[in-house]
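Heads up: the structure comes next, in structure tokens.
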Amino acid sequence: MDEQTPPIDPPIDPLLDLAAEQGPAESEEPKGLATKVLRDWLIVIGVALVAALLVRVYVLQQFYISGPSMETTMFSNDRVLVNKLSYHLHGVHRGDVVVFDRITTNGASVAHDDLIKRVIALAGERIEVRNCTVFINGTSLAEPYLPARDTGKSDLTQRCRVVNMRQITVPAHHVFVMGDNRPESFDSRSFGSISTSLIVGRAFAIVWPLSGFRTL
């Protein structure tokens with residue numbers, strides 16, 4: 001019997017062999033990279049949202065003005081920035097413009113309204129109004145923030161609505177607040193002093209409209 005010649009394997013091309021080995025890894029790499037980039041962006045967005053929420057809850061919040069009670073210091077639809085940390089670092093000062101939560105109830109439900117007013121008298125002080133002039137501990141209070149359109153009126157009821165208010169003492173941990181638009185403001189002259197625990201924060205800047213940007 002003739003000897004059979006063993007089959008000859010085809011020559012191996014090292015370049016083709018290398019490509020065969022690397023092919024699957026190269027096709028998977030773009031997919032893995034895209035997943036990593038997407039994951040990184042989701043983490044960044046999540047952290048940014050949490051940070052924004054924490055800032056809004058504990059540091060800064062924007063409020064819009066509704067109604068004329070603070071004219072002409074600010075007007076309806078103005079936007080103000082409120083610092084919520086202020087009164088965790090120091091006490092309330094006379095002249096501060098504050099946002100506070102006014103709680104009302106009709107016996108069946110409780111309502112919360114955010115109001116913005118100016119602090120006029122502090123805890124322990126005696127406040128009264130005589131002929132539209134505010135007196136603190138018997139001394140008249142200078143109020144340069146009041147609009148000239150009101151202070152020049154001869155009719156006192158048009159100038160301040162509450163022409164005279166008997167003297168009262170502001171309780172501990174309370175402040176007496178009033179709107180700059182005295183003829184139209186619903187404030188402590190009507191509902192009494194407010195607890196400092198209800199103060200949301202101190203308004204420190206008008207940020208909208210941009211043309212009216214200024215600090216308070």
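The values are calculated or read from the model by the stated rules, or taken from the named source; none is laboratory data. In this text, all values refer to a predicted model and were calculated from it rather than measured experimentally. In this analysis, Cβ positions are derived from the backbone assuming ideal geometry, glycine residues included, and neighbour counts consider all displayed protein chains. These accessible areas exclude ligands, DNA and RNA; they are computed on the full protein's heavy atoms, side chains included. Shrake-Rupley method; radii C 1.70, N 1.55, O 1.52, S 1.80 Å.
Which FRET efficiency value, to the nearest 0.05, is calculated for Asp113 and Val207 with the Förster distance at 25 angstrom and r the Cβ-Cβ distance? Working shown, then result.
Working: r = 22 Å, r/R0 = 0.87.
For R0 = 25 Å, the calculated efficiency reads 0.70.
Spin-label model, Arg126/Arg149: points 7 Å from Cα along the beta carbon direction are separated by 3.6 nm. In plain terms, the C-alpha convex hull of the stretch 78-213 casts an average shadow of 9.6 nm² when viewed from every direction. Rounded to the nearest 10 square angstrom, Arg130 shows an accessible area of 100 square angstrom against a 1.4 Å probe.
In what sequence, largest accessible area first, do His173, His90, His112 appear using a 1.4 Å probe?
On the way: His173 140, His90 75, His112 110 Å².
Result, largest first: His173, His112, His90.
Nonpolar atom fraction for the stretch 78-214, defined as the carbon and sulfur part of the 1.4 Å probe accessible area, stands at 53 percent. In this structure Thr35 has an accessible area near 80 Å², from a 1.4 Å probe over the protein heavy atoms.
Loop-resident chymotrypsin sites (Phe, Trp or Tyr not before Pro) (DSSP state other than H, G, I, E or B) in the stretch 154-210 with no more than 15 further Cβ atoms inside 10 Å of their Cβ: Phe186. Only protein heavy atoms count here; on that basis, with a 1.4 Å probe, Arg102 has an accessible area of about 60 Å². Surface listing: Met165, Met70 arranged by accessible area from highest to lowest gives Met165, Met70, probe 1.4 Å. Extending 7 Å from the Cα toward the beta-carbon at both Thr157 and Ala172 defines two label points whose distance is 4.1 nm.
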